[in-house]
Amino acid sequence: MEFTRKLPIPMEIKEQFPLTAQMKKIFEDRSKQIINIFEGKDERKLLIIGPCSADAKEPVLEYIGRLADLQAKVKDKFFIIPRIYTNKPRTTGDGYKGMLHQPDPDRRPDMLAGIIAIRDLHLCALRDYGFTCADEMLYPENHRYLSDLLAYVAVGARSVENQQHRLVASGIEVPVGMKNPTGGDLSIMFNSITAGQHAHTFLYRGWEVHSHGNPLTHGILRGYTDFSGRNVSNYHYEDLLRVLEMYEHSGLANPSVIVDTNHANSGKKYLEQQRIASDIIHSCRQNGDVKKLVKGLMIESYLEDGAQKIGEHVYGKSITDPCLGWDKTEQLILHLANKL
């Protein structure tokens, strides 16, 4: 390794790019509403929605502005949390690793510029549109650069078995979703939820820290890949009943699941998200216990349908996994709201 430069610690970045008193108030109000949903005090569903990867400020904010208008139309049925995923790498880790590493995907990595860019993007979403957003905790050491801005944190299928992710989740004060692993073993997901809900003492950013446990740690169903490499979905009614049964035997707080409509659940056929989302809402209508269990949906969506390669420069089109375009997204959300 070549040690290039010492980067500012999160406290220093937060002091340079702070929240205003009004932004803090919005954050607290939204956090309270989200907690109420997870605790069953609010029957609305969460909609964690946005691009696979936040690639550029302008199209992401345009997308979030459209979400803000749509939120007003479905506010009685859905609580929208935009996805601003700033750490998104390719599966192998090669090439593009997200805005944190490359605020300009066409240029070489610049971590300091990336740290500033991702904080600025989340600040703009909150200040200009009243949204606190979701991000994936791919690198637990980096979480605190955004810890005062995030409404929701996801731990990915390849990270969910990692002890550091589990321990850091136990010290986060907003909901943390643990995805089922790529092999589909739900017991691993439940082990992660258990670790996240319990208190721990561990090493973090050079400190000995003590966490108090996060009772809002929960599961995310995203499908899996079987031994032959075939995608297998786990969003069906029977899958939800199985998760419900596992929760009943676990003794965990706030039994909850978010269902990811893309990834292995759709076989990465992004248009299938429309059908899958409708199927999940139908399952909720069939069984009151399932309705209580399913707190919401995770959907990959952007301004344009599909995906592009880096360097094509199609405005608002994903440079990682294919996403549902805006017109289809709007139609889907209005359709789902009518079914709730």
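The values are calculated or read from the model by the stated rules, or taken from the named source; none is laboratory data. Bear in mind the structure is a predicted one, so any value in this text is a computation, not a measurement. Because the Cβ atoms are built from the backbone with ideal geometry, glycine has one as well, and the counts that use them run over all protein chains shown.
If you go through segment 165-211 one residue at a time, how many are hydroxyl-bearing (Ser, Thr, Tyr) and over 18 Å from Val257 (Cβ atoms)?
Residues of segment 165-211 that are hydroxyl-bearing (Ser, Thr, Tyr), as a first pass: 170, 182, 187, 192, 194, 201, 204, 211.
This time we only want the ones that are over 18 Å from Val257 (Cβ atoms), so: 170, 201, 204, 211.
Here the count works out to 4.
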**Asked** Can you tell me which residue in segment 193-244 is modelled with the lowest pLDDT, limited to those that are more than 23 Å from the chain's Cα centre (by Cα) and among the polar types (S, T, N, Q)?
**Response** Ser228
**Fill in**
Among the residues of segment 39-69, the number that are closer than 25 Å to Val290 by Cβ and crowded, with 21+ Cβ neighbours inside 10 Å is 5
**Asked** Between residues in segment 130-144 that are part of a strand (DSSP E or B) and residues that are among the polar types (S, T, N, Q), which pairs lie under 9 Å by C-beta distance while being six or more apart or on different chains?
**Response** Asp135/Thr86; Asp135/Asn87; Glu136/Thr86; Glu136/Asn87; Glu136/Ser159
**Request:** Check whether at least one residue in segment 232-244 is touching a strand residue (DSSP E or B) at 6+ places or on another chain (Cβ under 7 Å), closer than 20 Å to Ile34 by Cα and buried (at least 16 other Cβ atoms within 10 Å of the Cβ), and report yes or no.
**Result:** no
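Quick one: in segment 70-86, of everything that is among the basic types (Lys, Arg) and closer than 19 Å to Asp42 by Cβ, which residue is surrounded by the most Cβ atoms within 10 Å (Cβ to Cβ)?
Going residue by residue through segment 70-86, those that are among the basic types (Lys, Arg) are 73, 75, 77, 83.
From the residues that got through so far, the ones that are closer than 19 Å to Asp42 by Cβ too are 73, 75, 77.
Working: Lys73: 13, Lys75: 12, Lys77: 18.
Among residues in segment 70-86 that are among the basic types (Lys, Arg) and closer than 19 Å to Asp42 by Cβ, the one surrounded by the most Cβ atoms within 10 Å (Cβ to Cβ) is Lys77.
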**Neighbours by Cβ (under 6 Å, 6+ apart or cross-chain): first from segment 202-225, farther than 25 Å from Met246 by Cα; second of a type in the set (Ser, Thr, Tyr) and surrounded by fewer than 18 Cβ atoms within 10 Å (Cβ to Cβ)** = His210/Thr201
**Request:** Output the residue which, of all residues in segment 85-97 that are at pLDDT 85 or above and in contact with a strand residue (DSSP E or B) (Cβ under 9 Å, 6 or more places away or on another chain), is farthest from Gly156 (Cα to Cα).
**Result:** Thr86
**Fill in**
When segment 124-178 is checked residue by residue, the ones that are surrounded by fewer than 23 Cβ atoms within 10 Å (Cβ to Cβ) and acidic (Asp, Glu) are Asp128, Glu136, Glu141, Asp148, Glu161, Glu173
**Asked** (1) surrounded by fewer than 21 Cβ atoms within 10 Å (Cβ to Cβ); (2) in contact (Cβ under 8 Å) with a residue 40 or more places away in the chain; (3) of a type in the set (D, E, K, R); (4) not in a loop (DSSP other than H, G, I, E, B): which one isn't true of Asp106, the others all being true?
**Response** (4)
**Complete:** Being buried (at least 18 other Cβ atoms within 10 Å of the Cβ) and within 20 Å of Gly177 (Cβ to Cβ) narrows Lys317, Lys291, Lys295 down to just Lys295
